[in-house]
1. Largest first, what is the accessible-area ranking of 27, 33 with a 1.4 Å probe?
2. Compute the length gained on full extension between residue 46 and residue 3: take 0.36 nm times their separation in residues and subtract their Cα-Cα distance, giving the result in nm to one decimal.
3. How much length is gained on full extension from residue 62 to residue 108, taking 0.36 nm per residue of separation minus their Cα-Cα distance?
4. Report the full-extension gain for the segment residue 35 to residue 86: residue separation times 0.36 nm, less the Cα-Cα distance, to one decimal in nm.
5. At a probe size of 1.4 Å, how large is the accessible area of residue 43, to the nearest 10 Å²?
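The values are calculated or read from the model by the stated rules, or taken from the named source; none is laboratory data. Since the model is a prediction, treat every value here as computed from it, not as a measurement. What goes into the accessible areas is simple: the full protein's heavy atoms, side chains included, and nothing from ligands, DNA or RNA. Shrake-Rupley method; radii C 1.70, N 1.55, O 1.52, S 1.80 Å.
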Amino acid sequence: LEDLTGVRFVTEQVAKDQRYEQVSWPFYQLEQFLIYKAAAVGSQVLKVASDYTSQRCPHCGTINKQQRNREHHQYRCACGFLANDDQSAAMNIKELGDQWLAGTAKPRYTCKPAG
């Protein structure tokens, strides 16, 4: 899982009676459910750093913030890779998990300055 520590919960005004409702997914609750279910089958949940997971191309490894189109939920890389932005982020998170399984203690992506 992406480490969601510190995720901000958002409230939004609902038009009906002008009340405010929490509109963010209860991330902590989801994490707890996954931990519980994983333990039930003898597995565990790994939390990895979220840095650059939505900006990195899972095909070529390029990190470029401009390649993600939030409005259309699309990630398009110069190498030709095209996917839903959440799908590409999930692929990167899976890769970090694979790195951990291969022995990397704290896998994470870092953005190297151009040039």
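1. Result, largest first: 33, 27.
2. Extra length from residue 46 to residue 3 when fully extended: 14.6 nm.
3. Values: separation 46, 0.36 × 46 = 16.56 nm, distance 1.40 nm.
Between residue 62 and residue 108, full extension yields 15.2 nm more.
4. Stretched fully, the residue 35-residue 86 segment lengthens by 16.2 nm.
5. Here the residue's solvent-accessible area equals roughly 70 Å².
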